[in-house]
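In what follows, a structure is listed as structure tokens, so that the remarks can point back to it.
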Amino acid sequence: MGKLTAPVIASRKVRDGGVPLVMVTAYDAPSARISATAGADILLVGDSLAMVVLGYEDTLQVTVADMCHHTAAVTRAKPGCHIAADMPWMSYHVSPEETVRNAARLIRAGAHSIKLEGGRKRLPMVDRILAAEIPVMGHIGLTPQSFHAIGGFKVQATESEHARKLVQAAKALAHAGCYALVVEGVPDRVAEMVTEAVDIPTIGIGAGPYCDGQVLVYHDLLGIEDRIVPKFVRRYADLKTVSVAAVAAFAADVRSGAFPSEAESYHLR
Ligand code: KIV
């Protein structure tokens, strides 16, 4: 795993001179190898797996078995990054016993830590997971697993009372022992308040620049996923266009007889 353990990450605050953390989602061995070679600090086996890889409409469809399957694939690539795995919906909502067992399954699949969504109401489960010696990354703000409850994928904490509650939730999760916090879909100044309020790093997505790190979904940053492009996504490549052109060129060559060539064929001696 190299040196980026949960305790090392926990001390990476920009205000203390730390370099911002780079987190990228990964769901399989090739994406893990590419992001590791590019120098990512943390690979997140996110439950966004549901939409970007498995073709579901939302993250509520993935199971612990799905997450373990993909965490194991990322791990087998031996990326040398910290690997965090998302606990999927309903894997930490029923009982502390089930929660700890589900977290342990992700660790046995190869994750170095787990991430779960939600504020103060998650504290009992966070305590139990930490008591099993499993590092926990929190996730507050826009929490996609709650999209039915919050009425859609909307920017959160836009009013001062909600912003105050978010800061309280961040402090409570940090106090409980989370080693980092994803802050998603909140105004930049609210993310700044959260970042100032806690001694652990905040990792933003759609939360502006005042965080201790940033995360993007692999398929978004590479332009593989182009159906919805949220405002906060910056595309660093257009792999969908390149890929469609490559497969179309292959199809044209097959249909015209240009592929395979003599050089691409085996011959009798
Ligand atoms: O599942 C995911 O990709 C995530 C990131 C957006 C933080 O949780």
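The values are calculated or read from the model by the stated rules, or taken from the named source; none is laboratory data. Not measured: the values here are computed from a predicted model. Backbone-built Cβ (ideal geometry, glycine too); neighbour counts: all protein chains shown. Keep in mind that these areas ignore ligands, DNA and RNA; they rest on the heavy atoms of the full protein, side chains included. Shrake-Rupley method; radii C 1.70, N 1.55, O 1.52, S 1.80 Å.
Does the range 50-64 hold any residues that are more than 9 Å from the ligand (Cβ to nearest atom), outside any loop (DSSP other than H, G, I, E, B) and either among the β-branched types (Val, Ile, Thr) or under 12 Å from the mean Cα position of the chain (by Cα) (or both), and which are they? Listed by number, the list holds a single entry, Val64.
Under the condition of being basic (Lys, Arg) and in contact with a strand residue (DSSP E or B) (Cβ under 8 Å, 6 or more places away or on another chain), the residues counted in the range 1-20 number 1. Taking the criterion of being in contact (Cβ under 8 Å) with a residue 60 or more places away in the chain and either farther than 25 Å from Gly18 by Cβ or part of a strand (DSSP E or B) (or both), would at least one residue in the range 120-129 satisfy it? No, every residue in the range 120-129 fails to be in contact (Cβ under 8 Å) with a residue 60 or more places away in the chain and either farther than 25 Å from Gly18 by Cβ or part of a strand (DSSP E or B) (or both). Residues that are over 17 Å from Leu44 (Cβ atoms), modelled with pLDDT of 95 or more and aromatic (Phe, Trp, Tyr) within the range 129-182 are absent altogether. Inspection of the range 32-49 finds no residue satisfying the criterion of being closer than 23 Å to Ile134 by Cβ, surrounded by 15 or more Cβ atoms within 10 Å (Cβ to Cβ), among the β-branched types (Val, Ile, Thr) and away from the ligand (no atom under 16 Å from the Cβ). Among the residues of the range 103-149, the ones that are within 16 Å of the ligand (Cβ to nearest atom) and surrounded by fewer than 19 Cβ atoms within 10 Å (Cβ to Cβ) come to 3 in all. Going by what's in this entry, would Leu54 be described as crowded, with 24+ Cβ neighbours inside 10 Å and either of a type in the set (S, T, N, Q) or without any contact (Cβ under 8 Å) to a residue 40 or more places away in the chain (or both)? Considered against the rule, which asks whether it is crowded, with 24+ Cβ neighbours inside 10 Å and either of a type in the set (S, T, N, Q) or without any contact (Cβ under 8 Å) to a residue 40 or more places away in the chain (or both), Leu54 comes out as no. Total residues in the range 73-95 satisfying the condition of being open to solvent by 40 Å² or more (accessible area, probe 1.4 Å), closer than 19 Å to Gly138 by Cα and away from the ligand (no atom under 16 Å from the Cβ): the figure is 2. The set of residues in the range 14-31 being exposed (fewer than 15 other Cβ atoms within 10 Å of the Cβ) and either of a type in the set (A, V, I, L, M) or within 13 Å of the ligand (Cβ to nearest atom) (or both) consists of Val19 alone.
Cβ-Cβ distances below 6 Å connect no pair with a first residue in the range 216-241 that is within 15 Å of Ala38 (Cα to Cα), a second residue that is open to solvent by 80 Å² or more (accessible area, probe 1.4 Å) and within 14 Å of the ligand (Cβ to nearest atom), and a separation of six or more residues or different chains.
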